[in-house]
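Notes to accompany the following structure.
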Amino acid sequence: MNAYDPAFQQASCFTRLLDVRSYVLAARAACARLDPAPALFMVVVFGLITLALTPIWIVFDLASTWEFTTGLRTAAAPVIYEMSGRAESVLDLPVGALLTGIIFTGFTLLPSLFELAFPTVRHPLLNLVLLASIVFDYVTDWGKAAALAATWTANRALEVVYAAAFCLFVSVGVQAILVCCITVIIFGALALLRGGARSVRAVVIE
Amino acid sequence: MTLITTDELARGACLLVFGSAAGMCTVSFPGSPIWILPAAAAVGGCALTVPDIRREALATLAALPNLGRAVGALRPPGARRLPQGRAAQQSPPPAAPGPERTPDARPDLLAILQEQPHRLVIGRTRGGKTTLLHKLATDWAASGARVVVCDPDAAPGLWPGCEAVGHGDDLAAIERMLHAVRAEVQTRRAQRAQGVRRFAPLHLVIDEAHDVVPGVPGALDLVEDIARRGAKLGVHLTIGVQDRQVKTLGLEGKSAVLHNFQTVEMLRDADGRRIALLHDPVTGERRRMDAPDLPDPERLIVPPPDPRAPPPAADAALLAQLLATPPPAGGGEQATVHLAQPGPVTVNVTAVAGALPGRRTRPLAQPLRDAYRKAGESGESFRAAYRRLGGNRNEAFEAWRQGRGA
């Protein structure tokens, strides 16, 4: 969605708040004609934010999803190895199981990818896939988020509330913020390079 | 702007409640697939908060024999209906609709069209184009807006509350009306130049525009002017046409004007149901929607009065008094009736007498009376004279008897 999209005009504040693509477009537009100095400032500031958030994303989102899918693979390992023994020449099932884990882990990236790639496509099936990936990501991230939340309070009910909020943050919020930050870094770096090139041309002309 | 919609709130609640339950299952029962159940509930709950998915799901559930009745009552008015054959087999018979209603309902289309400043309704004959225009125009008129309708197929009573012109291909009347609208536009433009920013809505509706716009001098310029700049003046345009070719409307080289319209195509699908294709003005994407469930405007047309119909009560009283009035002495066609209100009235006896079946009140004409008198004098029998001359039997006999001298 963008500001000229009628659907965006009619969207609620909440929808606009979660519309990652509009942030990305705004960041791209803002960085497109930056002078070198502000571009450098933006790259440094958003780079620091990215550095701070990347470990959180890796530990609580990517790694936890990987561990969750590893648990699934481990649970299914006896069956997989038995089947691979029977059909070794036909299918390399252990590799297939590994690929399955990677694909499942890729689900953690799907919400942002869908929001970036299919913002104007409002097809029920795509909506369903997007929601499924958000829920899957949320479920896989719960373990580590709940473990951390348990250290914050001894109250069981509060622990669940904290875990839910933190899990939502690490599974959806961190990703969205990272996408925006990386966008700013990329386009800021490009502006920096273009500005440097302009300065060089100016010097040559003079 | 809405802070958050109910659907979004429900989506967040589903994700937090069922997603947290699924997460807790993964921690409490490691290695167990029990987490899939709350996760599926989270996905399903979230999915049902998406209107398109919800409609599809409810339509599918309604098709199941056991759940059809329960869900049928829950189904929103805009839900897609089953084909008529399946619906008849699998769901209870619906309440009898109006005799002139289209089968499907979808209020979204009207709401979307109402929001836009200008609308272009495309549809082949009997596609539902005029029905949709009629609904929009009469709604605007009912809300107090001034609605001008140019319809070469207009008929008495067809456009209640609207200023309809063009009855019977009267393009001259349409031209006069468009001239008045143009004057109104210019007046408003002058007022805007003085600082006026709010104007009472004026809706110009042109049906069968493929005939009206090219056929009326100045219509094309007015259409283009209103489409481009009319919204600021509170002047809105709604056009009904049979195709979207710019040549049809005489807009060759000006196709950009059509971008100012919210375009909707009225069609029939393979099942014969009326559907609407809504064109997105930005992306050009066509969105299929069910056609609104609208009454046929043709039912509003007032038929011409039947000359052989019995007279109204007031005329009946007048005629009753007329019958009691003696015919004019000279045997003429007129009589004077004395009424309490408005007083003495001169009526044409011949004209009003025909309205009373079985009663002949026309006095015998003087030549005929003379003919009967001569027949009596000559000794001709009354039966033979009456067979030959006809007329009021009693008066004829009276004249014949006078001639006979009896």
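The values are calculated or read from the model by the stated rules, or taken from the named source; none is laboratory data. Only a predicted model underlies this, so the values are computations on that prediction, with no experimental measurement involved. Ideal geometry is used to build each Cβ from the backbone, glycine not excepted, and the neighbour counts take in all protein chains shown.
Observations
- Scanning the stretch B:216-228 for residues that are in contact (Cβ under 8 Å) with a residue 40 or more places away in the chain and either among the basic types (Lys, Arg) or surrounded by fewer than 18 Cβ atoms within 10 Å (Cβ to Cβ) (or both) yields B:PRO217, B:GLY218.
- Residue within the stretch B:201-215 that is without any contact (Cβ under 8 Å) to a residue 24 or more places away in the chain and either in a helix (DSSP H, G or I) or touching an Asp or Glu at 6+ places or on another chain (Cβ under 9 Å) (or both) present: no
- So B:GLN114, is it at pLDDT below 85, outside any strand (DSSP E or B), among the polar types (S, T, N, Q) and in contact with an Asp or Glu (Cβ under 9 Å, 6 or more places away or on another chain): yes
- Helices (runs of 4 or more DSSP H) (entirely within the stretch A:1-50) containing at least 1 residues that are in contact with a helix residue (DSSP H, G or I) (Cβ under 7 Å, 6 or more places away or on another chain), at pLDDT 70 or above and away from chain B (no Cβ under 14 Å): A:20-32
- Within the stretch B:1-51, considering residues that are of a type in the set (Val, Ile, Thr), farther than 16 Å from A:ALA145 by Cβ and within 7 Å of chain A (Cβ to nearest Cβ), the one surrounded by the most Cβ atoms within 10 Å (Cβ to Cβ): B:VAL43
- Selection status of A:THR108, within 9 Å of chain B (Cβ to nearest Cβ), modelled with pLDDT under 70 and in a loop (DSSP other than H, G, I, E, B): no
- Of residues in the stretch A:161-173 being of a type in the set (A, V, I, L, M, F, W, C) and buried (at least 19 other Cβ atoms within 10 Å of the Cβ), the one nearest to the chain's Cα centre (by Cα): A:VAL172
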